[in-house]
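Single-structure report; data block below.
The values are calculated or read from the model by the stated rules, or taken from the named source; none is laboratory data. All of these numbers come straight from a predicted model, not from anything done at the bench. Note: ideal-geometry Cβ built from the backbone for every residue, glycine included; neighbour counts use all protein chains shown. SASA here: full protein model, heavy atoms, side chains in, ligands and nucleic acids out. Shrake-Rupley method; radii C 1.70, N 1.55, O 1.52, S 1.80 Å.
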Amino acid sequence: MDAAEFRKRGKEMVDYVADYLEKIEKRQVFPDVEPGYLRPLISECAPQDPERFEDVFKDIEKIIMPGVTHWHSPYFFAYFPAASSFPALLADMLCGGIGCVGFSWAASPACTELETVMLDWLGKMVNLPEEFLAGKDGQGGGVIQGSASEATLIALLAARTKTIRRVQSEKPELTEAEIMGRLVAYASDQAHSSVERAALIGAVKMKNVPSDDRFTVCGSALKKVLDEDKAAGLIPFFFCATLGTTPCCSFDKLLELGPICNKENIWMHIDAAYAGSAFICPEFRHLLNGVEFADSFNFNPHKWLLVNFDCSAMWVKKRSDLIGAFKLEPLYLQHHHQESGSSLWLQHWQIPLGRRFRSLKLWFVLRLYGVTGLQEHIRKHVRLSHQFEHLVLQDERFEICAEVVLGLVCFRLKGSNELNEALLKCINDAKKIHLVPCHLREKFVLRFAICSRTVESTHVKFAWQHISQLATDLLKTWEKNHHQQ
């Protein structure tokens, strides 16, 4: 394919993507395929000779689309939102076109510098304390990771290195292996599984701190676990606080937890993967109060800020803590400008060496929507979740299972877990909308997340009428079957 054909095919592809997104609600939200559907549809081996673009293009609808779950459909209410917008898609095209591997300033100055500035912009939008910003000569700063899971792992590994060095200086008689064997990381029993996975990869013990009846961790619960572990000779070194938990969007109490972590020399990382985007709205910023005690903070613009995957924003108060854990410099990566600011050597802030020019997406979206446009997007989603909550509360057969703070509603039929499992199966088998469940304590709960950029009040009403009708049908057969038993 030469440049002339690329122009032609590129325009066709843009039209195809625009049509796909414009007409997405006409497509069934969840596919009708079984595992292994795709292999029989394509040949066993790659073609020996080039094929025509037209043939490849035709196969998109024939082979790919039948197996796509349409995350951007206004009938998709599962997981959390996956952000997307036309400005972000255009920036991603440019990123692919430039095709740099921006691990250091020398590898692509614009890639590194724009990322540093964009993370400062974003940090100011959520009103982060000054210490987290790179500025012209700050100690902190931000970096784009691939996911919140990566950010948690990076924070844990940096905390581990920092603690091992501190304990070695205090108790030189202990070997690194002895210290490692005593290290313990902590998170809420509601925290995302990626926190446990980080501890697994980091080869340290992980303990869950019990949450209260509102699914949040408070200071007293953390202190109790810490006191027990210290008495047993263990070394607490890392706590991951969650703002907007995955099951029900609950918020750990930073103002109680932060001072304890600071006093005990424990690295506090804040995972606000979903909820963090909402902090650009002044009315939700209080949920981040206590961030001043944290060592690192992360949220995903690729969830709720119209920047498509992957774009996970992470800030640290002291970038030297990260660089100290990850810095290795073979000669082929060195450059005569490298003393001009460690904030620009992003290979020391992450697990992979290479990185895409992801900050272009942020730059385009922040400029083309402005803060007010993004605030309106968040507020609309929150309004729609309260609309759904209101509809659920009007039906006495249902109950709301957790406080609705942002764009997630946790609800269920009053009754057994089996009944709610059956309801979810009916909903997802019908494939008109898509939901996923969670467990809150011993209850099986349905999660209704406002996800799509194009979702409107009519889609929420349709979803509720659909759920309500399926519940009516289910309860009839359920009662009949249970009477017979």
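Compute the FRET efficiency between HIS439 and LEU38 as 1/(1 + (r/R0)^6), taking r as their Cβ-Cβ distance and R0 = 30 Å, and round to the nearest 0.05. Can you show the working numbers first?
On the way: r = 32 Å, r/R0 = 1.07.
About 0.40, to the nearest 0.05.
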(request) Take the Cβ-Cβ distance between ASP19 and ASN127 as r, set R0 to 35 Å, and report the resulting FRET efficiency rounded to the nearest 0.05. (result) 0.30
(request) Treat each spin label as a single point 7 Å out from the Cα along the C-beta direction, and report the THR69 to LYS26 distance in nm. (result) 2.5 nm
(request) Any of LYS58/LYS361; LYS124/LYS162; LYS380/LYS461; LYS23/LYS361 with alpha carbons more than 22 Å apart? Name them for me. (result) LYS58/LYS361; LYS124/LYS162; LYS23/LYS361
(request) Pairs to check: LYS205/LYS303; LYS263/LYS318; LYS26/LYS432. Give those whose C-alpha atoms are more than 20 Å from each other in this structure. (result) LYS205/LYS303
(request) Please work out how much length the chain gains when fully extended from MET93 to ASN417, using 0.36 nm per residue of separation minus the C-alpha to C-alpha distance, in nm with one decimal. (result) 112.0 nm
(request) For every helix of n ≥ 4 consecutive DSSP H residues, a contribution of -39,500 (n - 2.57) applies; sum these over the chain, divide by its total residues, and give [θ] at 222 nm rounded to the nearest 500 deg cm²/dmol. (result) -14000 deg cm²/dmol
(request) Provide Rg over Rh for region 418-471; use the alpha carbon set for both Rg and the Kirkwood Rh (inverse mean inverse pair distance). (result) 0.98
(request) Pick out, from THR69, VAL33, PRO50, the residue whose Cα sits farthest towards the positive end of the charge dipole of region 1-76, with +1 on the Cβ of Lys and Arg and -1 on the Cβ of Asp and Glu. (result) THR69
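Please report, in cubic angstrom per residue, the volume enclosed by the convex hull of the alpha-carbon atoms of region 75-163.
Numbers: hull volume 14.4 nm³, N = 89.
Hull volume over Cα atoms, normalised by residue count, gives 162 Å³.
Could you tell me whether region 392-485 comes out rounded, prolate or oblate from its Cα gyration tensor? Rule is a ≥ b ≥ c as square roots of the eigenvalues, rounded for a/c under 1.5, then prolate if a/b exceeds b/c, otherwise oblate.
In terms of gyration-tensor shape, prolate.
How many percent of the alpha carbon pairs in region 164-251 exceed a separation of 15 Å?
Values: 2312 of 3828 pairs.
It works out to 60 percent of all Cα pairs.
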(request) Mind giving me the nanometre distance, one decimal, between the label points for GLU396 and TYR79, set 7 Å out from Cα along Cα→Cβ? (result) 3.9 nm
(request) Give the distance, in whole Å, between the Cα centre of region 407-484 and the Cα centre of region 1-79. (result) 30 Å
(message) Show me the three semi-axes of the equivalent ellipsoid for region 43-192, from the C-alpha gyration tensor (sqrt of 5 times each eigenvalue), largest first, rounded to whole Å.
(response) 41, 24, 20
(message) Once you place label points 7 Å from the Cα toward the Cβ at LYS380 and ASN289, how far apart are they in nm?
(response) 3.1 nm
(request) Leaving out ligands and nucleic acids, note down the accessible area per residue over the chain with a 1.4 angstrom probe, in whole Å². (result) 47 Å²
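Taking every pair of distinct Cα atoms and averaging 1/r, then inverting, what Kirkwood hydrodynamic radius in Å comes out for region 1-127?
Averaging 1/r across every pair of different Cα atoms and inverting gives 18.5 Å.
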(message) Distances longer than 14 Å among the Cα atoms of region 49-122: what percent of all pairs is that?
(response) 78 percent
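Sorting check: for 32-45, 236-249, 262-275, which peptide has the highest mean count of neighbouring beta carbons within 10 Å, and how do the rest follow? Write out the running numbers ahead of the final one.
On the way: 32-45: 8.4, 236-249: 25.9, 262-275: 22.7.
So the peptides 32-45, 236-249, 262-275, ranked by packing, come out 236-249, 262-275, 32-45.
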